[in-house]
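Notes to accompany the following structure.
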Amino acid sequence: MMAEKVQPKKAGVFRIMAINPGSTSTKFGIYEDETCLLTKTVRHDAALLSQCGTIYDQKGLRVDNIMKSLEEAGIELSSLDAVVGRGGIIKPIESGVYAINDRLLEDCRSEAAAAHA
């Protein structure tokens, strides 16, 4: 079955990738402004995930699977203006938008609040 191809980015729009990791899958969508171009659920082999050790250590496997899906859809990373995601339970903070930094990654890595993809 041929993968769905996304057209090249249109001029004057923002292309955004939204990611939602789950226990055995990662869902993502590609948007241009408010228009959804593609949604995909990438299923991860449970045996491979369990070999990773911690949830944080699954990162490489999940990234590889997502990159393969993007390539199949004809989406270049350079066409993305922003990537947003949910997941990774961190210590309580005020709701809002945060840039990923070393402190946030350490909260996820250490599972200080809880473990979640």
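The values are calculated or read from the model by the stated rules, or taken from the named source; none is laboratory data. Here the structure is a predicted model, which means the values were calculated and not measured. Cβ coordinates were reconstructed from backbone atoms using ideal geometry, including for glycine residues, and neighbour counts include every protein chain displayed.
Answer yes or no as to whether residue 71 is surrounded by 12 or more Cβ atoms within 10 Å (Cβ to Cβ), in a loop (DSSP other than H, G, I, E, B) and acidic (Asp, Glu). Against the criterion (surrounded by 12 or more Cβ atoms within 10 Å (Cβ to Cβ), in a loop (DSSP other than H, G, I, E, B) and acidic (Asp, Glu)), residue 71 does not qualify.
Which members of segment 29-46 meet the condition of being surrounded by 11 or more Cβ atoms within 10 Å (Cβ to Cβ), over 16 Å from residue 64 (Cα atoms) and of a type in the set (S, T, N, Q)? The answer is 39, and nothing else. Note on segment 12-23: among residues that are in contact with a strand residue (DSSP E or B) (Cβ under 8 Å, 6 or more places away or on another chain) and surrounded by fewer than 15 Cβ atoms within 10 Å (Cβ to Cβ), the one that is nearest to residue 62 (Cα to Cα) is 14.
Within segment 36-55, can you find the residues that are within 29 Å of residue 14 (Cβ to Cβ) and touching a residue at least 12 places away in the same chain (Cβ under 8 Å)? Residues satisfying the conditions are 37, 38, 39, 40, 41, 42, 43, 44. If you filter segment 83-102 down to residues that are surrounded by 11 or more Cβ atoms within 10 Å (Cβ to Cβ) and outside any loop (DSSP other than H, G, I, E, B), you find that the one that is modelled with the highest pLDDT is 83.
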